[in-house]
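So the structure is just underneath, and the comments pick up after that.
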Amino acid sequence: MRKNFWKNKRVLITGHTGFKGAWLSIWLKMLGAKVTGIALPPSNKRNIFTITNLKKKIYKSIFLNIKNKKKLEKAVVSSKPQILFHLAAQPLVIESYKDPINTVETNILGTANLLEICKNIKSLKSILIVTTDKVYSNQNKKKFFKENDKLGGDDIYSYSKVSVEMLVKSYRKLFFRNNKNILTLRAGNVIGGGDWSKNRLIPDFIRSYEKKINFIIRNPKHVRPWQHVIDCLYGYILAVEKTYFKKIKNLETINFGPASKNNRTVKNVTDIMVKRYNFESKIKFNIKDSKFFEKRFLRLNSSLAKNLIGWSSKIDLNESVLLTLKWYEEFFKKNNMYKYTCHQIKNYISKN
Ligand SMILES: NC(=O)c1ccc[n+]([C@@H]2O[C@H](COP(=O)([O-])OP(=O)(O)OC[C@H]3O[C@@H](n4cnc5c(N)ncnc54)[C@H](O)[C@@H]3O)[C@@H](O)[C@H]2O)c1
């Protein structure tokens, strides 16, 4: 990766108080970028933004709701971004059943606000909009989705991200044809330290382990494209580097998924965690079917990323899970988690 490219680049990240946004902010700060973050304040006491003291590390941190166009506009304009990563979202399927309106407003209206504002930001050259692997019309077949496969979402979260894909398509065609490069990025089930979201497998496991309470597994046989956050973000970073100066013709969206053998079941991931902690002897597993509908198979084909930007996943499932668990272990030992997060990123860079 070219430090020269990122040195003093003005980068705006929405969602920097969240799991992926915080890791991305730390990584780009390491590369010398001037990072401004826009997001809601962290909703839980325990969160990666506070734990890594991110507010003090990046150039500027702004708390606001992206549904508020006026406030958003002021913040975006003042940061004079050259590159924008949009990660702020309501990102949970189950939460979208419970609060569809907030999911729709945050994900669709929030993105529309941002795109509308971006039209007038002359300094802005690259816009990266993070959607998800769940945008594909999924008939529960054992297929690996490619970028040009049909889109379609059943649950409100997936539907909201399909709508984001459509919005981006429109804005690209109508407003960003010449002077701005706008891509949507679709990644799989991202894991890594610092995620405390509810109803996600590893955060749920960590909470159960810490509190010695039952660990409830939903849908143990479901297959997902598990991927370490560092691997995924490396793809996002490369996507900017490869397209900032010159657009790649017809490149509009990129899948970032693990190597095919790492598309494994919920149970496979659980087994790795149980093995590390000899967990089963202490805690009873409640394997129960979820009352919320979730697709059985979800897998991504990432050959476009490999062919066009030279990205492929470098961390296998076992290592991804262990890196994640090690992060939480260091946290429980009360170590400096900003340094430890940088350490995991540096290790990845030095190996690759
Ligand atoms: N984690 C995954 O496995 C995964 C997989 C595919 C796609 N994604 C996508 O990646 C992005 C980041 O996900 P994450 O796992 O880091 O989620 P997260 O919940 O940890 O972080 C979400 C961020 O969005 C911000 N946000 C939410 N609503 C907002 C609002 N109304 N106004 C301003 N900020 C708001 C939060 O403050 C937070 O900073 C999301 O767009 C998500 O859909 C995540």
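The values are calculated or read from the model by the stated rules, or taken from the named source; none is laboratory data. Every value quoted in this text rests on a predicted model; they were computed, and no experiment measured them. Using ideal geometry, Cβ is built from the backbone for each residue, glycine included, and neighbour counts are taken over all protein chains shown. Ligands, DNA and RNA are excluded from the accessible area calculation, which covers all protein heavy atoms including side chains. Shrake-Rupley method; radii C 1.70, N 1.55, O 1.52, S 1.80 Å.
Numerical summary
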{"quantity": "Residue within segment 241-260 that is at pLDDT 95 or above, surrounded by fewer than 20 Cβ atoms within 10 Å (Cβ to Cβ) and touching a Phe, Trp or Tyr at 6+ places or on another chain (Cβ under 7 Å) present", "calculated": "yes"}
{"quantity": "Meets criteria (modelled with pLDDT of 95 or more and either aromatic (Phe, Trp, Tyr) or not in a helix (DSSP H, G or I) (or both)) for VAL168", "calculated": "no"}
{"quantity": "Elements of type strands (runs of 3 or more DSSP E) in segment 1-78, at least 2 residues being within 13 Å of the ligand (Cβ to nearest atom) and more than 16 Å from the chain's Cα centre (by Cα)", "calculated": "60-63"}
{"quantity": "Qualifying residues in segment 262-289 (those that are under 27 Å from the mean Cα position of the chain (by Cα) and of a type in the set (Asp, Glu)) - the one modelled with the highest pLDDT", "calculated": "ASP271"}
{"quantity": "Residues (modelled with pLDDT of 95 or more and not hydrophobic (A, V, I, L, M, F, W, C)) located in segment 137-151", "calculated": "LYS146, GLU147, ASN148, ASP149, LYS150"}
{"quantity": "In segment 212-234, the residues that are at negative phi and either free of Cβ contacts under 8 Å to residues at least 60 places away in the same chain or in contact with an Asp or Glu (Cβ under 9 Å, 6 or more places away or on another chain) (or both)", "calculated": "PHE215, ILE216, ILE217, ARG218, HIS222, ARG224, PRO225, HIS228, VAL229"}
{"quantity": "Residue match in segment 15-24 (condition: open to solvent by 60 Å² or more (accessible area, probe 1.4 Å) and under 22 Å from ILE202 (Cβ atoms))", "calculated": "no"}
{"quantity": "Unique residue being over 30 Å from PHE332 (Cβ atoms) and touching a residue at least 24 places away in the same chain (Cβ under 8 Å) when the list is TYR209, TYR157", "calculated": "TYR157"}
{"quantity": "Filter result (open to solvent by less than 40 Å² (accessible area, probe 1.4 Å) and either more than 14 Å from the ligand (Cβ to nearest atom) or aromatic (Phe, Trp, Tyr) (or both)) within segment 83-122", "calculated": "ILE83, PHE85, LEU115, CYS118, ILE121"}
{"quantity": "Residue satisfying all of: in segment 162-198; of a type in the set (S, T, N, Q) and within 16 Å of the chain's Cα centre (by Cα); farthest from the ligand (Cβ to nearest atom) among these", "calculated": "THR184"}
{"quantity": "Filter result for PHE175 (of a type outside the set (Ser, Thr, Tyr) and open to solvent by less than 10 Å² (accessible area, probe 1.4 Å))", "calculated": "no"}
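The rows are residues; the columns are (1) touching a strand residue (DSSP E or B) at 6+ places or on another chain (Cβ under 8 Å); (2) in a helix (DSSP H, G or I).
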| residue | (1), (2) |
| --- | --- |
| GLY235 | yes, yes |
| GLU241 | no, yes |
| LYS247 | yes, no |
| PRO258 | yes, no |
| LYS261 | no, yes |
| THR270 | yes, yes |
| MET273 | no, yes |
